[in-house]
Amino acid sequence: MIVDKTHRVWALLSLGTLVVLAVLYGWYCSVSADGPRGGSLPGLAFGILAAALMVFAGLLAARKKAPRWQVGSAAWWLKGHIWLGLLSLPVTLFHTGFRFGGTLEQVLMWIYLVVMASGVVGLLIQ
């Protein structure tokens, strides 16, 4: 799918959401005595949001397997997959406090970054 002007609404909503979340993250960092942590209430909220964004992005595969679904067009789902998938990266980083944690967390984060990079490369190739 070519990213053209039909993506404008998704791009602007994603960018606006990112700005709001970045401001909230900045506030959270300023009031947190121990710094941002994934286990704090705001950290958990960022983590739940990141997981929800990833689930939405993953539902594109379910939409492709069930073409009889009348919940949005395939193009709508693909645009959401692209833009909300991209938004999930900074939200995940807000959840982790820009730290990769222990060995398991590092492996998972590197896999996640490789998947994100491959998606961006695939989008650029198209």
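Details
- Listed values for the range 49-59 are Karplus-derived 3J(HN,Hα) couplings in whole Hz (6.51 cos²θ - 1.76 cosθ + 1.60, θ = phi - 60°), namely 5, 4, 5, 5, 5, 5, 5, 4, 4, x, 5, and x replaces Gly and Pro.
- Per residue, the solvent-accessible area of the chain (1.4 Å probe, heavy atoms of protein chains only, all protein chains present) comes to 64 Å².
- Of the residues Lys64, Lys79, ranked by 1.4 Å probe accessible area with the largest first, the sequence reads Lys64, Lys79.
- The chain: relative contact order as a whole-number percent, Cα under 8 Å and 6+ apart: 35 percent
- Extension gain for the segment Trp110 to Val20, taken as residue separation times 0.36 nm less the Cα-Cα distance, is 29.8 nm to one decimal.
- Net length gained if the chain between Phe98 and Ala52 were fully extended (0.36 nm per residue, minus Cα distance): 14.6 nm
- Whole-percent carbon and sulfur share, accessible surface of the range 31-92, 1.4 Å: 71 percent
- Solvent accessible area, Å² - Trp27, 1.4 Å probe, full protein context: 150 Å²
- Magnitude of the charge dipole for the chain, about its Cα centre and with charges confined to Cβ atoms of Lys, Arg (+1) and Asp, Glu (-1), is about 500 debye.
The values are calculated or read from the model by the stated rules, or taken from the named source; none is laboratory data. Since this is a predicted model, take the numbers as computed values, not measurements. Every residue, glycine among them, receives a Cβ derived from its backbone with ideal geometry; neighbour counts consider all protein chains shown. Heads up: the accessible areas ignore ligands, DNA and RNA and are worked out on the full protein's heavy atoms, side chains in. Shrake-Rupley method; radii C 1.70, N 1.55, O 1.52, S 1.80 Å.
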